[in-house]
Amino acid sequence: MARTQGSHSDITGPRIRKAALGLFARHGYAAVSMRQIASEVGVQAGALYNYTPDKQSLLYRLMHEHMQELLLAYDDLDHPADASEALRQFVGFHIRFHLERPDEVFIAYMELRNLTPENFSEIEALRRSYENALETILRSGQQGGVFDIADTKIATLAVIAMLNGVMTWYRTGGRLSLDEVEQVYWDMVRRSVSI
């Protein structure tokens with residue numbers, strides 16, 4: 001099938017992913033059709049298959065790109081050796097990185113169930129890599145006598161769940177600034193793990 005005049009893969013491909021991201025976040029993966037995505041982009045439904053094999057591939061790619069960006073951005077930080085400072089850095093990083101990407105965060109957590117088993121396994125491995133970074137901090141603090149944690153895996157999941165909550169309610173221009181919100185969350189996380 002010939003491409004529509006003026007259509008370029010380096011322009012149309014990202015537009016398709018952006019449209020899919022917005023539609024999946026607003027309506028849910030299962031409720032969105034390839035035809036809706038095509039309509040959002042302004043191309044014929046059949047033209048989408050020049051850029052992606054199917055809707056599942058789009059979902060996987062969106063999640064994979066999000067997790068890769070997250071891991072690369074976290075790896076680029078200069079990580080403090082002190083466990084308490086490392087945990088504070090993680091809290092601030094997680095909040096700020098994710099607040100800039102609300103649709104990606106929503107899809108990364110709410111649409112996992114719609115991945116094929118193979119795709120789920122790959123995304124889950126990336127998620128575990130990120131969780132392991134936090135668990136390493138918690139374990140270091142536990143072993144150093146700084147943190148009082150019975151189970152570092154459960155604490156890891158609890159901290160991430162707490163931090164993800166910010167995405168559901170925080171709005172720029174609200175009662176608290178982002179710096180204030182970050183400080184409140186840091187205080188809560190610190191109190192929940194400290195001796």
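Quick rundown of the values:
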| read-out | value |
| --- | --- |
| Relative contact order computed over region 1-132 (Cα-Cα under 8 Å; 6+ residues apart), in percent | 29 percent |
| Acute angle (nearest 10 degrees) that the helix 152-164 long axis makes with the longest principal axis of the chain, alpha-carbon atoms | 60 degrees |
| P(r), alpha carbons of region 81-175 - 10 Å bins starting at zero, rounded % | 14, 41, 31, 13, 0 |
| Environment charge at A133 (Cβ cut-off 15 Å; Lys +1, Arg +1, Asp -1, Glu -1) | -2 |
| Mean shadow area of region 39-136 over all directions, Cα convex hull, nm² | 7.5 nm² |
| Of L99, A133, H66, farthest towards positive along the dipole that unit charges on Lys, Arg, Asp, Glu beta carbons give region 41-195 | L99 |
| Helix-only [θ]222 nm of the chain, DSSP H runs n ≥ 4, -39500 (n - 2.57) each, per residue, nearest 500 | -22500 deg cm²/dmol |
| Net charge of neighbours whose Cβ lies under 14 Å from the Cβ of M188, counting Lys and Arg as +1 and Asp and Glu as -1 | 0 |
| Pairwise centroid distance, computed over Cα atoms, of region 85-124 with region 126-167, Å | 15 Å |
| Net dipole in debye of region 37-88 [+1 Lys, Arg Cβ; -1 Asp, Glu Cβ; about Cα centre; nearest 20] | 400 debye |
| Rounded to the nearest 10 Å², the accessible area of Y51 at probe 1.4 Å | 50 Å² |
| Neighbour net charge for E124 - beta-carbon separation under 14 angstrom, K R +1, D E -1 | -1 |
| Along the chain, longest interval not containing exposed trypsin sites (Lys or Arg not before Pro), exposed being DSSP loop plus at most 14 other Cβ atoms within 10 Å | 4-170 |
| Accessible area (Å², per residue) of the chain, counting only protein heavy atoms and a probe of 1.4 Å | 54 Å² |
| With every protein chain in place, the chain: carbon and sulfur % of accessible area (1.4 Å) | 51 percent |
| Among (i) 34, 19, 12; (ii) 38, 18, 14; (iii) 25, 17, 17, the entry derived from the coordinates for semi-axes √(5λ) of the Cα gyration tensor in Å | (ii) |
| Built amide H within the under 5 Å cut-off of F147, gap 5+ | Q142 |
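The values are calculated or read from the model by the stated rules, or taken from the named source; none is laboratory data. These numbers were taken from a predicted model, which means no experiment stands behind them. Because the Cβ atoms are built from the backbone with ideal geometry, glycine has one as well, and the counts that use them run over all protein chains shown. Calculation scope for accessible area: heavy atoms of the full protein, side chains included, ligands and nucleic acids excluded. Shrake-Rupley method; radii C 1.70, N 1.55, O 1.52, S 1.80 Å.
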